[in-house]
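Here's the structure, in structure tokens; my notes come after.
Nothing in this text is a laboratory measurement; each read-out follows from the coordinates by a stated rule. Keep in mind the model is a prediction, meaning the values are calculated, not measured. All Cβ positions, even for glycine, are placed from backbone atoms using ideal geometry, and neighbour counts span all protein chains on display.
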Amino acid sequence: MELLTEELKKLLISGGAHVSVKDAIADIPFELLGERPYGLPYSIWQLVEHIRIAQWDMLEFSKDGNHKSPKWPDEYWPKENAPADKNSWDKTVKQIDDDLKAFIELVEQRDLYEPIPHGSGQNILREALQIADHNAYHTAEIIVIRRLLGIWK
């Protein structure tokens, strides 16, 4: 079990074979966060805010039987292309990191296979894999946008 826990932590933090969310969003010029190149339907801001909302929802679902998920899909995606200000961006980035750390605490402390009492068969292992998969998917989209904007290494 310890090996699985350590592998999950690595997958959630560093992305494993993929770029981490943290690395994908580092050093993006603020004025480019709302750009939607080549008619793409979303901006970097919208993707990052979506990652924040979805990850927060999975964390809260995993620990709180009274949690109410946002309405899909409207409340999982921001309407605006760009953050209102630098503080909004910083707050979103910080919450992604804080929520990920809180979820990793659940991975370390809970039985990964025990069904979540208020769920319909979900467990911490499933939620960890879902967070990792979801974040990797949207991280790849962020990197594509960065490449299109000429701001990826």
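Below are the figures for this structure:
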read-out	value
Among (1) under 16 Å from the mean Cα position of the chain (by Cα); (2) more than 13 Å from L12 (Cβ to Cβ); (3) surrounded by 12 or more Cβ atoms within 10 Å (Cβ to Cβ) - the single one H118 does not satisfy	(1)
Residue match in the range 55-72 (condition: acidic (D, E), in contact with a His (Cβ under 7 Å, 6 or more places away or on another chain) and assigned to a helix (DSSP H, G or I))	yes
When residues of the range 18-52 are limited to those that are surrounded by fewer than 17 Cβ atoms within 10 Å (Cβ to Cβ), part of a helix (DSSP H, G or I) and without any contact (Cβ under 8 Å) to a residue 60 or more places away in the chain, the one nearest to the chain's Cα centre (by Cα)	D23
Residues satisfying the stated conditions in the range 89-146, i.e. under 20 Å from R52 (Cα atoms) and of a type in the set (V, I, T)	T92, V93, I96, I104, V107, I124, I131, T139, I142, I143, V144, I145
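Results for (1) in contact (Cβ under 8 Å) with a residue 60 or more places away in the chain; (2) part of a helix (DSSP H, G or I), shown as yes or no for each residue.
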position: N87; (1), (2): no, yes
position: K91; (1), (2): no, yes
position: E108; (1), (2): yes, yes
position: G119; (1), (2): no, no
position: Q130; (1), (2): yes, yes
position: Y137; (1), (2): no, yes
position: I145; (1), (2): yes, yes
